[in-house]
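Peer 1: Below are the structure tokens for one structure; questions will follow.
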Amino acid sequence: MPSADNKHVLRRLFLSTLYLSAFTFGGGYVIITLMKERFVDKLHWIEEDEMLDMVAIAQSSPGPIAVNGAIVLGYKLGGFPGILVSVLGAIIPPFVILTVISFFYNAFKSSFAIQALLTGMRSGVAAVILSVVWDMFMGVVKSRDWILYAVMILSFVLNYFLHVNVVLIILAVIVIGILRTWLNGRKEVRP
Amino acid sequence: MIYLQLFFAFVQIGAFSFGGGYAAMPLIQAQVIDTYHWINATDFADLVTIAEMTPGPIAINAASFVGNQVAGILGAVVATIAVALPSCIFVTILAVLYQKYRKMTLMQGVLATLRPAVVSMIFAAGLTILIPTIFRDGVLSFAAGDFKIRSALYFIVALFVLRKWKPNPILVMLGCGVVELIIQSVIL
């Protein structure tokens, strides 16, 4: 990793995350693949194995995966200034785009064409989300793990019918997850 | 104070969305619609549509959009910083401590248990988009005037096309929008 020309690294880092964030459609997993392509395969600033570990951190932390990926990358290549620079790069494009759209949304919401377009598109986005949910649901079903089934059913009932705070549900499930992992670990230690 | 509310709401969205992608959606809905009533269910559906069609994570998109709607550009800045802040703290700590916890079995165990909860909460958020889209007044009712037949048809056809041919979701959404625009232009 180059350190003598630190400014060059920071600038490269900023421009890379800015570019990836501005032109990547399709969510965090796609952007992380592109980060690997750029920093491992093209620039050779990071080893392949280390990149895999960084991806694991980005995916298992809370928050947007693209931002998490930018943070591990920034930390690895430029320390704390690197984090600042790469997070800004990741955030600025969606911020600017959505700010502009928000302005036009208010101005054009009452227009006939936009109104009709959005009406149709709402059906489309509902289909997209439920299709993704179906794939995720089948993933859980395939686990054949009754605790996961129970978590899925209970959290739906609590969230959708009883309107329990989403954060509380997540915290409760985190506790269940910690207990399970701990108990499984003990089982492995004492066969 | 509105900026503090925005900050507090979006810090929670950043801190508790595990799993990327749509995982932030139920949290955004809980804060932005249910708790603070900043936007209604229809605007939320539009926000998700817009987020789907633009680059960037849905949580950042939502922070910039809602911040702007509620408190202008400064509100957008506050909300966007707030939503990224938990990531900055959590991921930095993990990155620093990583050598110690190389295998992260606990982290992986927790995530595996969280996944089914995230699935059902995304499903619930999807329903809050679907129901007002298909039913007038957002209430399940199959009486003649309460049911938007065209919207329901778009939904069914879009879902079929998505499952059958796995096209780019943006094209499917745009397709629904364009068909509705043509129909409204011709009929009205």
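The values are calculated or read from the model by the stated rules, or taken from the named source; none is laboratory data. Since the structure is predicted, the reported quantities are computational estimates derived from the model, not experimental observations. Please note: Cβ atoms are built from the backbone with ideal geometry, for glycine as well, and neighbour counts cover all protein chains shown.
Peer 1: Tell me, please, whether a residue that is part of a helix (DSSP H, G or I), among the small types (G, A, S) and surrounded by fewer than 16 Cβ atoms within 10 Å (Cβ to Cβ) can be found in segment B:83-100.
Peer 2: no
Peer 1: Quick one: which residue in A:I176, A:I170 is in contact (Cβ under 8 Å) with a residue 24 or more places away in the chain, within 7 Å of chain B (Cβ to nearest Cβ) and outside any loop (DSSP other than H, G, I, E, B)?
Peer 2: On inspection, the qualifying residue turns out to be A:I176.
Peer 1: Right, here's the next one. Can you name every residue in segment B:9-64 that is farther than 18 Å from A:A66 by Cβ, at the interface with another protein chain (Cβ under 8 Å from one of its Cβ atoms) and not in a helix (DSSP H, G or I)?
Peer 2: none
Peer 1: Still on this model: State whether one or more residues within segment B:169-182 are farther than 14 Å from A:R122 by Cα and either in a helix (DSSP H, G or I) or more than 9 Å from chain A (Cβ to nearest Cβ) (or both).
Peer 2: Yes: segment B:169-182 contains one or more residues that are farther than 14 Å from A:R122 by Cα and either in a helix (DSSP H, G or I) or more than 9 Å from chain A (Cβ to nearest Cβ) (or both).
Peer 1: List, please: which pairs have Cβ atoms under 8 Å, are six or more places apart or on different chains, and start with a residue in segment A:10-26 that is more than 7 Å from chain B (Cβ to nearest Cβ) and end with one that is polar (S, T, N, Q) and not in a helix (DSSP H, G or I)?
Peer 2: No pair meets every condition.
Each row is one residue, and each column tells you yes or no for (1) assigned by TED's automatic domain parsing to the domain that holds B:E180; (2) in contact (Cβ under 8 Å) with a residue 12 or more places away in the chain; (3) under 22 Å from the mean Cα position of the chain (by Cα).
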residue	(1), (2), (3)
B:F123	no, no, yes
B:T128	no, yes, yes
B:T133	no, yes, yes
B:A152	yes, yes, yes
B:L162	yes, no, yes
B:W165	yes, no, no
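Peer 1: Let me ask something else about it. Just checking, does segment A:76-94 include any residue being within 7 Å of another protein chain (Cβ to nearest Cβ), out of contact with any Lys or Arg (no Cβ under 8 Å at 6 or more places or on another chain) and outside any helix (DSSP H, G or I)?
Peer 2: Filtering segment A:76-94 for residues within 7 Å of another protein chain (Cβ to nearest Cβ) gives A:83, A:87, A:91, A:93-94.
Retained after the next criterion (residues that are out of contact with any Lys or Arg (no Cβ under 8 Å at 6 or more places or on another chain)): A:83, A:87, A:91, A:93-94.
Still in the running and outside any helix (DSSP H, G or I): none.
Checked against the condition, which is being within 7 Å of another protein chain (Cβ to nearest Cβ), out of contact with any Lys or Arg (no Cβ under 8 Å at 6 or more places or on another chain) and outside any helix (DSSP H, G or I), segment A:76-94 yields no hits at all.
Peer 1: If I go through segment B:102-133 residue by residue, how many of them are crowded, with 23+ Cβ neighbours inside 10 Å and more than 7 Å from every other protein chain (Cβ to nearest Cβ)?
Peer 2: Total satisfying the criteria: 2.
Peer 1: Here's a follow-up. Only one residue in B:T35, B:T42 is touching a Lys or Arg at 6+ places or on another chain (Cβ under 8 Å) and either assigned by TED's automatic domain parsing to the domain that holds B:G109 or free of Cβ contacts under 8 Å to residues at least 24 places away in the same chain (or both), so which one is that?
Peer 2: Sole residue among the options that is touching a Lys or Arg at 6+ places or on another chain (Cβ under 8 Å) and either assigned by TED's automatic domain parsing to the domain that holds B:G109 or free of Cβ contacts under 8 Å to residues at least 24 places away in the same chain (or both): B:T42.
Peer 1: Right, here's the next one. Quick check on this structure: which one of A:L118, A:L98 is under 21 Å from the mean Cα position of the chain (by Cα), closer than 18 Å to B:M173 by Cβ and within 8 Å of chain B (Cβ to nearest Cβ)?
Peer 2: Of the residues listed, the single one that is under 21 Å from the mean Cα position of the chain (by Cα), closer than 18 Å to B:M173 by Cβ and within 8 Å of chain B (Cβ to nearest Cβ) is A:L98.
Peer 1: Let me ask another. State which residue pairs qualify: first residue under 12 Å from B:V119 (Cα atoms) and in the same structural domain as A:L171 (by TED's automatic domain parsing) and inside segment A:142-159, second residue surrounded by 21 or more Cβ atoms within 10 Å (Cβ to Cβ) and polar (S, T, N, Q) in any location, beta carbons under 6 Å apart, and separation of 6 or more residues or different chains.
Peer 2: Hits for this filter: A:M152/B:S120; A:S155/B:S120; A:F156/B:S120.
Peer 1: Here are A:V87, A:V30: which of them is more than 21 Å from B:Q108 (Cβ to Cβ), assigned by TED's automatic domain parsing to the domain that holds A:Y19 and surrounded by fewer than 21 Cβ atoms within 10 Å (Cβ to Cβ)?
Peer 2: The conditions single out A:V30.
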